[in-house]
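To start, I am sharing the structure in question, which I have written as structure tokens.
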Amino acid sequence: MKRSLAGRIWPNATAIVLALGFAFPVYWMFSTAFKPTRDIITEDPVWFPFHGTAEHFVTAVNAPHFWTLAGNSVLVTVLAVGLSLVIALCGAFALTRMRFKGRKGILLTFMIAQMAPWEVMVISVYLIVRDADLLNSLVPLTCFYMLMVLPFTLLTLRGYVAAVPKELEESAMVDGCSRRQAFLKVVFPLLAPGLMATSLFGFITAWNEFPLVLVLNKEPAMGTLPLWLSQFQSQFGDDWGATMAAASIFAVPILVLFLFLQRKAVGGLTSGAVKG
């Protein structure tokens, strides 16, 4: 009985310590954003902003081009994730349900693309975009963000599609449905956890991406929030409260999305990893 109790306590205690360690920087960022300036620059750290203020958030949202760049980030991220989901879902269904020549080669290509670091291709991407006269445009950002998240999305959805029994589609087709109707009415509703998992990953990847937008979009009004955040400190000197407020604003969409999708996302990633 004692061994059983100790076996439960140590893993739980370790998990709590690790969780607190990972959560502390996030807490410090948000708490600093609400602290008055005098509590930030003091030698004695203030662990909780009892006299909180929103002035730093006002400073952040009133920064030049904030709302324009926030709109750019949302537009580029949503379009990239949406396009990758549509393409990956069609590709995952074809690779799982159909047998054709070159199928294994396509899978290998996507696996290699998933392993390749995108940072090493920044120069090549810049040359392609420059020659196409698309610098300082959101179009290449959307396309390349979509390509960044596509391999993971396809490979994960492939495993999830494989987890859906093929007999369900065959039964629907026997009842008079075409292959497309069987997919839309039978398979697609069962893929919600996998779609949520991959969309969450794609959103985080596209939302946080920095090197490409730094190289491709030099105009202040054509960037995204990661670029704005990197330049925030130089605009406001040592205003750490405003800097932490800007970082908090940037992190909120990801935190909110994760809180809403965490259960479905974990189930989707697990199924996509062990099936197929």
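By a straight-distance test (C-alpha under 17 Å), which aspartates and glutamates pair with residue 185 as possible cross-link partners, with residues fewer than eight away in the same chain excluded?
Within reach: 167, 169, 170, 175.
Leaving ligands, DNA and RNA out of it, rank 101, 166, 35 by accessible area with a 1.4 Å probe, largest first. Show your work: numbers first, answer last.
On the way: 101 205, 166 95, 35 5 Å².
In descending accessible area the options line up as 101, 166, 35.
Along its three principal axes, how long is the range 1-92 when you only count alpha carbons? Whole Å, largest extent first please.
Largest to smallest, the principal-axis extents are 59, 55, 17 Å.
Then there's this: Principal axis lengths of the range 8-153 from Cα atoms, whole Å, largest first?
Ordered largest first, the range 8-153 gives principal extents of 67, 55, 26 Å.
In units of 2.2 N^0.38 Å, what is the alpha-carbon radius of gyration of the range 90-153?
Working: Rg = 14.6 Å, N = 64, 2.2 N^0.38 = 10.7 Å.
Scaled against compact globular proteins, the figure is 1.37.
Then there's this: In vacuo Debye scattering of the range 60-111, one point per C-alpha: log10 I(q)/I(0) at q = 0.22, 0.27, 0.31 Å⁻¹?
Here log10 of I(q) over I(0) equals -0.83, -1.00, -1.10.
Grab the DSSP H runs of the chain that are 4 residues or longer, score each as -39,500 (n - 2.57), total them, divide by all residues and round the 222 nm result to the nearest 500 deg cm²/dmol. Please report the intermediate quantities before stating the final value.
Details: 13 runs with 208 residues, N = 276.
Taking each H run of at least 4 residues, the total per residue is -25000 deg cm²/dmol.
Restricted to Cα positions, what overall size does the chain have along the principal axes? Three whole-Å values, descending.
Projected onto the principal axes, the Cα atoms of the chain cover 72, 71, 33 Å.
If you line up the long axis of helix 2-34 against the longest principal axis of the chain, both from Cα atoms, how many degrees apart are they, to the nearest 10?
60 degrees
The values are calculated or read from the model by the stated rules, or taken from the named source; none is laboratory data. Because the structure is predicted, anything quoted here is derived from the model rather than measured. Side chains included, ligands, DNA and RNA excluded: accessible areas come from the protein's heavy atoms. Shrake-Rupley method; radii C 1.70, N 1.55, O 1.52, S 1.80 Å.
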